[in-house]
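Asker: Okay, handing you the structure first.
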Amino acid sequence: VIEIGQPEHSVVTTCAYCGVGCSFKAEMRGDELVRMMPYKDGKANRGHSCVKGRFAWGYATHKDRILNPMVRDKITDPWREVSWEEAFAHVAGEFRRIQYQYGKGAIGGITSSRCTNEETFLVQKLIRQGFGNNNVDTCARVCHSPTGYGLKTTFGTSAGTQDFDSVEHTDVALIIGANPTDGHPVFASRLKKRLREGARLIVIDPRRIDLVRQPHVEAAHHLPLRPGTNVAVLTALSHVIVTEGLFDEAFIRERCDWSEFEDYAAFAAEPQHSPEEVEKVSGVAADTIRAAARLYATGGNAAIYYGLGVTEHSQGSTTVMAIANLAMLTGNIGRPGVGVNPLRGQNNVQGACDMGSFPHELPGYRHMSDDATRDVFEAVWNVTLDPEPGLRIPNMLDAAVEGSFRGLYIQGEDILQSDPDTKHVAAGLAAMECVVVHDLFLNETANYAHVFLPGSTFLEKDGTFTNAERRINRVRKVMAPKNGLADWEVTQRLAQAMGLDWAYTHPAQVMDEIALTTPSFAGVNYDLLDREGSVQWPCNDKAPTGTPVMHIDGFVRGKGKFIRTEYVATDEKSGPRFPLLLTTGRILSQYNVGAQTRRTENVVWHSEDRLEIHPHDAEQRGLCDGDWVRIRSRAGETTLRAQITDRVAPGVVYTTFHHPDTQANVVTTEFSDWATNCPEYKVTAVQVSPSNGP
Ligand code: SF4
């Protein structure tokens, strides 16, 4: 029994884990956080929470936190603690030296989806205004960048169409490439409630996720497709809808371009997209594809929810557009209960994207080449902006290896552990002359850093996070930053050291600048957020309290755009040498690379990454449950324990990537989405063999 004492006061704030964005009351006793209680008026969670948000905040006071800035000349030198002033002067001097020596484009930065909107806005501003280039990227590069591309192309805006409340009006839920029970638990609870009320479920996933067999709920259809064949299966659903006349002609005539539809319909009707042909490619029975298509098209309000199993493929953007095609074909857009709903991973990945963290886009998803948009920012920032897009993360690493990129500011991101092809990431980092890691802990990337700037937790700062339903939630300071400076203050001090005249005294002023420059945030300010609790963008004169459901009267781009989604098999193929296909995911109690959850004192968080393998494949290799196995791919190898289960089909293996001792990403490959470079984490050809352990 732990005596926690009675709280004396509380502060309402937002969970810093996943894209559901649950509101919590942080209950305090003096300066000490006593407990986190789910907030009943939180619009995203309505008093519910999962185990992470409720209990996994111990990392905020963990002894591993670094509280003083540190520098070193070479990455083999020991760290030396310095004052903040010395650290900022050192970074500014090094970055200016590198630019003088190698050119303006030789440095860049990475914003964090763990940080607030205000903090990501400031990092991209520092890069554009202070570095004088567009070399800014964010971890959405490795998760939902295809969502941004695909939904902007088809609907005109890079975000999900619905609010979470919408699920209460859903009759058919199609889940593809997501495991909400583990990844988005509070939303999963609302979905399960709706399923228990009678809504039907279609699951498209190589693995039999928990939702497929819930008590009192049976997935109407589970399509256990071969990893890498999403586009083939989704286009086969369109094939059935088109050839059986199940499409919504009235909706398409009113909301889309009819001639584009005719072109798409002819494409979808081609014989190679028939369920029988796609069965050969995907392994999903043709009858199951037909039945799922009929249910989606005729079962009432049909909503699609998807996750990284859609985006982290060489055809990630194509898959998002194939999903959009389905929604437009059947008129399932623009009212409660329907829509296309990306389940965003990190707490503020939506916000980081909204805030211009991409090398080609300013805040609000407006391309750098757009003169009118550049005019707005140039006037406010008193700077001339480069209309040419900058470098993406993989391009920065390539350029570092080649010798033209030499300095990187990384806020709240452990790219060595989270990005694919670990050897290449390490080579890129090792080639740089000034790597600045701004984080809570000495993460794996910090092994290659020359400067470490201590970060602050969500409990130590003010700001906002934007969740998967575009909801802007307030983050409120619960305690003073243990390192002395909130993350937005660190970026501001660095900007000042580089000669910029920034003088923000509170993140509310940053939000005012966001509202001034970004039309979808034009009506957002802290007074409104305090009054309303939260709002969903677009929030402006037309929608002064936000927009729960988008595209009601028309698509943001005008007419919805059908795209021919040709299936192109990934170059990553299984074969005699690497006969199994590895795919990856998460468990409920851990979060991504585990930097926070692994530093919470509770046995719930004592887990390990395991390799799920089908009994047939295990028997062929002489494996028993719990045996050590070695997985090897073209890129690398690692060792972990086997878990024998028929959750995965023969030929498919699955693991999580929470633990640095496993480093599952040492085996993932260099392949990535054709449009956005989002890595193909979800398909890696591997061999699995018995091992004596690490
Ligand atoms: Fe936090 Fe997500 Fe859990 Fe809600 S569902 S408490 S946002 S981790």
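Since every read-out is calculated from the coordinates, none of them should be taken as a lab result. Please read these numbers as outputs of a predicted model, since none were measured by experiment. Here Cβ is always computed from backbone atoms with ideal geometry, including for glycine, and neighbour counts include all displayed protein chains.
Asker: Tell me, what is a quarter of the convex hull surface for the C-alpha atoms of the chain, in nm² with one decimal? Spell out each step's value before the answer.
Answerer: Numbers: hull surface 116.4 nm².
Here the figure is 29.1 nm², rounded to one decimal.
Asker: Over the Cα atoms of the range 506-648, each weighted equally, I'd like the Debye log10 I(q)/I(0) at q = 0.22 Å⁻¹, rounded to two decimals.
Answerer: -1.33
Asker: If you average the sequence gap of Cα pairs under 8 Å that are 6 or more apart and divide by the length of the chain, what percent do you get for the contact order? Can you show the working numbers first?
Answerer: Details: 1654 pairs, mean separation 136.1, N = 694.
Across the chain, relative contact order equals 20 percent.
Asker: So what is the calculated 222 nm ellipticity per residue for the chain, using -39500 (n - 2.57) for each DSSP H run with n of 4 or more, over all residues, to the nearest 500 deg cm²/dmol? Show your work: numbers first, answer last.
Answerer: Values: 22 runs with 206 residues, N = 694.
Value at 222 nm, helices only, nearest 500: -8500 deg cm²/dmol.
Asker: Towards the positive end of the charge dipole of the range 146-342, with charges on Cβ (+1 Lys, Arg; -1 Asp, Glu), say which of F187, F251, S282 has the farthest Cα.
Answerer: Comparing the listed Cα positions along the dipole, F187 ranks first.
Asker: While we're looking at this one, here's another question. Net charge near A286, counting Lys/Arg +1 and Asp/Glu -1 over other residues with Cβ under 9 Å of its Cβ? Mind dumping the intermediate values first?
Answerer: Working: positive: R290; negative: E276, E277, E279, D287.
Around A286, the charge tally is -3.
Asker: A further question follows. Less than 15 Å apart at the alpha-carbon level, and either on another chain or at least 8 residues along: which aspartates and glutamates does that give for K542?
Answerer: D553
Asker: Here's a follow-up. So, in Å, what gap is there between the alpha-carbon centers of the range 19-84 and the range 497-518?
Answerer: About 24 Å separates the Cα centre of the range 19-84 from the one of the range 497-518.
Asker: Rounded, prolate or oblate: which one fits the range 189-336, using the alpha carbon gyration tensor with axes a ≥ b ≥ c (rounded when a/c is under 1.5, else prolate when a/b beats b/c, else oblate)?
Answerer: Details: a/c = 1.66, a/b = 1.23, b/c = 1.35.
Note, shape of the range 189-336 comes out oblate.
Asker: Further question: In the structure displayed, which of K63/K423; K63/K461; K25/K52; K152/K561; K43/K152; K25/K192 lie more than 18 Å apart, Cα to Cα?
Answerer: Numbers: K63/K423 30 Å; K63/K461 20 Å; K25/K52 15 Å; K152/K561 10 Å; K43/K152 26 Å; K25/K192 25 Å.
Table pairs above 18 Å Cα-Cα are K63/K423; K63/K461; K43/K152; K25/K192.
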